[in-house]
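The structure appears below as structure tokens.
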Amino acid sequence: VPATVFSRWQGRTKDIRGAGLVRLVLAARGLSGSEIPKALDSIKKTSGLDILFEEDVGVYPDWAQDQLAFAIAMESSKRNLILDGLLNGVSPAFLATAWQRIEKDASQGRLISIIADRALPFPASAQASLRSLGSGRVS
């Protein structure tokens, strides 16, 4: 099954709150009005943004944008995913939580590839096929 690629947002998004952006994305995906609240709650929970979820996306630091983008990607569909840079700036605590979600989805047959510009501090319990690429070598 072809993978859907999700990359870091470029530039700044202004004049829209996190919750509003998520509603817009969900509506663009074709979710009905009755399906949106459940999906919105799931994305809010997955993002770990709490009260920041209701703030203007233009004030989000990079880590918050990445966490929201990760949550939107994970809830996008059941298709395979390529997460290009979405975990670059997140905290180790968020990465541990995100990894649990990635492992859960992967155990159900979803293929998820993660591209990062630095070594990520995966939890000690992380189970996956990890490859580090850099300086012309693969390890």
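Out of GLY20, GLY89, I need the residue that is surrounded by 13 or more Cβ atoms within 10 Å (Cβ to Cβ) and either polar (S, T, N, Q) or in a loop (DSSP other than H, G, I, E, B) (or both). Which one? Can you show your working first?
Numbers: GLY20 fails: either polar (S, T, N, Q) or in a loop (DSSP other than H, G, I, E, B) (or both).
Exactly one residue qualifies, and that residue is GLY89.
List pairs: first in the stretch 100-128 and surrounded by 14 or more Cβ atoms within 10 Å (Cβ to Cβ), second of a type in the set (Val, Ile, Thr) and in a helix (DSSP H, G or I), Cβ under 8 Å, 6+ apart or cross-chain?
ARG101/THR46; ILE112/ILE102; ILE114/ILE102
Taking LEU26 and the conditions (1) more than 23 Å from GLY89 (Cα to Cα); (2) modelled with pLDDT under 90; (3) open to solvent by less than 20 Å² (accessible area, probe 1.4 Å), which numbered condition does it fall short on, given that it satisfies the others?
Unmet condition: (2).
Among (1) more than 14 Å from the chain's Cα centre (by Cα); (2) assigned to a helix (DSSP H, G or I); (3) surrounded by 14 or more Cβ atoms within 10 Å (Cβ to Cβ), which single condition is ALA69 missing?
For ALA69, the exception is condition (1).
Restricting the stretch 29-49 to residues that are hydrophobic (A, V, I, L, M, F, W, C) and part of a helix (DSSP H, G or I), which is surrounded by the most Cβ atoms within 10 Å (Cβ to Cβ)?
At the first step, the residues of the stretch 29-49 found to be hydrophobic (A, V, I, L, M, F, W, C) are 31, 36, 39-40, 43, 49.
In the following step, the residues that additionally are part of a helix (DSSP H, G or I) were identified as 36, 39-40, 43.
Working: ILE36: 15, ALA39: 18, LEU40: 18, ILE43: 26.
Within the stretch 29-49, the match that is surrounded by the most Cβ atoms within 10 Å (Cβ to Cβ) is ILE43.
The values are calculated or read from the model by the stated rules, or taken from the named source; none is laboratory data. As the structure is a computational prediction, the values presented were derived from the model and not from experiment. No Cβ is skipped: glycine too gets one built from the backbone with ideal geometry, and neighbour counts run over all protein chains shown. Note: accessible area is taken over every heavy atom of the protein model, side chains too, but ligands, DNA and RNA are not part of it. Shrake-Rupley method; radii C 1.70, N 1.55, O 1.52, S 1.80 Å.
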